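The values are calculated or read from the model by the stated rules, or taken from the named source; none is laboratory data. Note that the structure is predicted; figures quoted are calculated from it, not measured. Note that we place each Cβ from the backbone using ideal geometry, even for glycine, and neighbour counts take in every protein chain shown. All accessible areas refer to the heavy atoms of the entire protein, side chains included, with ligands and DNA or RNA removed. Shrake-Rupley method; radii C 1.70, N 1.55, O 1.52, S 1.80 Å.
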Protein chains: 2
Amino acid sequence: MSSSTTDPGGDPLTTRQQAVLDAVLALMVEEGDRLTMSAVARRANCSKETLYKWFGDRDGLLTATVRWQAARVRAGRYDGQRLDIAALRESLIDFAANWLGVISSPTSIALNRLAIGHAASRKSNLGGIVLANGRFAIGERLRPVLEAGREAGLLSFDDAETAFRTFFGLVGRDVQIRLLLGDPLPMGRAEIARDAERATDQFLALHGRPESSTEDRPAPKA
Amino acid sequence: MSSSTTDPGGDPLTTRQQAVLDAVLALMVEEGDRLTMSAVARRANCSKETLYKWFGDRDGLLTATVRWQAARVRAGRYDGQRLDIAALRESLIDFAANWLGVISSPTSIALNRLAIGHAASRKSNLGGIVLANGRFAIGERLRPVLEAGREAGLLSFDDAETAFRTFFGLVGRDVQIRLLLGDPLPMGRAEIARDAERATDQFLALHGRPESSTEDRPAPKA
DNA sequence: ATTCGTCCGTAACGAACGTTACGGTTCTGC
DNA sequence: GCAGAACCGTAACGTTCGTTACGGACGAAT
């Protein structure tokens, strides 16, 4: 863990290299486990020699792929200007929906499976990179929102990290582990929107200041 | 999904076979990824031919191992007699602590990693077995507790499944994904006890009936 | 004691795959 | 144009590992 996302990676990728990494991602989603260097070279219309020249070895290729995917997940900013309870709720719902969309995407599932399988061995922590760009990155982005909410008297909590972890649990629940284990859990736009709203309202019920209007929040459904 | 846990497995294992499966578990925890048939035979002091005679092939061995481990996780019963708010809270805390202990154990982590890696390929759903004996088994065991709490007027929710998933999220939060990805998150007895209590009180704050005494519940800490 | 079945230890086969090497082709700068 | 680099396609090498085969040891039953 050095500067931003556990090592920036070193070199800015050429478009050709990015295309190769996109091919890796596509293969990971389609073929899952059978991600062989030959398959990557075939899919990307490049030679294995080029792969080894660019990325060193198989781990280097996978690491570069994880970083490349992480670079796209960076989503919209959620600044806390004009903070009232409605804006805060909207921000939290946006965060939740965004996060649910990410973890339920086939790319994220394939990537996490790969990183988890790699964490079993000891070599080259893909798991650390995925964590830094996933779980911890979203935590860092949400923290200012939570603290702005507290400053504005809308939220009440002692530790922002603990509060975030509660929010994280309410949003994700069993979704990620079920998807990782192959459960055909449907996570379309409708389910994501519903879950994001429910989780946010539950979070506000736990950490919202009582005086912050409850009239537009239609009482936790379930 | 047939009777209890996605296929009972067929035959009751001999003690020798159980010892072999224990060796597999130990190897999975220690060596992680490098779980080779030769290593299992060496560790268990048996021949590879015996492994293949008993378990068919590598997948059969892994499946038997998952089932064998699942058979021990069966924990205490939580019947809902004499239900008052204190007993309910105690039951929920027990459930939460038990679950946290399971998912943070090295064995469970190694097993889930293996099943997730297997879910990437399509063959022989270890993921389904792990889900059936983990996430879904605990859901089935907790459901009667929740419904008894509702019958007794202590809890309020529409759907027991949804309520359980909320509890699941509050308990597990980011623990499982972090451990699976190799994060050195400390989860000792102290952390587990604290998390179980916090999650239970949060759940009761969301779904508890207001008239059920709040005096012994020391206001959600964070 | 002999025979049969079960199991151990080890060797061998074959496929998959990471890695390297090589000849031919395309692109770039002078 | 031309030299050199970068790159493609493919072949080859070595290792790992799942799977099978073989010979011998041990125990139970006849």
Inset, instruction - Having 1 or more residues that are away from DNA strand D (no atom under 16 Å from the Cβ) and within 14 Å of another protein chain (Cβ to nearest Cβ) is the bar; report the helices (runs of 4 or more DSSP H) wholly within the range A:27-133 that clear it. - result: A:58-73, A:85-103, A:106-120, A:126-133
Inset, instruction - Please specify each residue of the range B:180-190 satisfying the condition of being assigned to a helix (DSSP H, G or I) and more than 9 Å from chain A (Cβ to nearest Cβ). - result: B:R189, B:A190
Legend entry - Hits in the range B:132-173 (condition: open to solvent by 30 Å² or more (accessible area, probe 1.4 Å) and in contact with a His (Cβ under 7 Å, 6 or more places away or on another chain)): B:S156
Inset, instruction - Pull up the range A:151-179, narrow it to residues that are charged (D, E, K, R) and not in a loop (DSSP other than H, G, I, E, B), then point me to the one that is nearest to B:A120 (Cα to Cα). - result: A:R178
Inset, instruction - Can you run down the residue pairs with Cβ atoms below 7 Å, 6 or more apart or on separate chains, where the first is in the range B:75-101 and of a type outside the set (K, R) and the partner is open to solvent by less than 50 Å² (accessible area, probe 1.4 Å) and at pLDDT below 75? - result: B:I85/B:S212; B:I85/B:S213; B:S91/B:Y78; B:D94/B:Y78; B:F95/B:Y78; B:N98/B:A75
Inset, instruction - Taking B:N125 as the residue in question, decide whether it is within 14 Å of the chain's Cα centre (by Cα), modelled with pLDDT under 95 and either surrounded by 17 or more Cβ atoms within 10 Å (Cβ to Cβ) or closer than 22 Å to A:L170 by Cβ (or both). - result: no
Inset, instruction - Name the single residue, out of those in the range B:46-58 being in contact with a helix residue (DSSP H, G or I) (Cβ under 7 Å, 6 or more places away or on another chain) and away from DNA strand C (no atom under 11 Å from the Cβ), that is least open to solvent (accessible area, probe 1.4 Å). - result: B:F55
Inset, instruction - Look at A:V175 and say whether it is under 14 Å from the mean Cα position of the chain (by Cα) and at the interface with chain B (Cβ under 8 Å from one of its Cβ atoms). - result: no
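Okay, residues lined up against (1) more than 20 Å from A:R141 (Cβ to Cβ); (2) within 12 Å of DNA strand C (Cβ to nearest atom); (3) surrounded by fewer than 21 Cβ atoms within 10 Å (Cβ to Cβ); (4) among the hydrophobic types (A, V, I, L, M, F, W, C):
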| position | (1), (2), (3), (4) |
| --- | --- |
| A:L27 | yes, yes, yes, yes |
| A:A44 | yes, no, yes, yes |
| A:G60 | yes, yes, yes, no |
| A:A64 | yes, no, no, yes |
| A:L92 | no, no, no, yes |
| A:A96 | no, no, no, yes |
| A:V102 | no, no, yes, yes |
| A:S105 | no, no, yes, no |
Legend entry - Which numbered condition A:M1 misses (of (1) at pLDDT below 90; (2) surrounded by fewer than 14 Cβ atoms within 10 Å (Cβ to Cβ); (3) away from chain B (no Cβ under 14 Å)): (3)
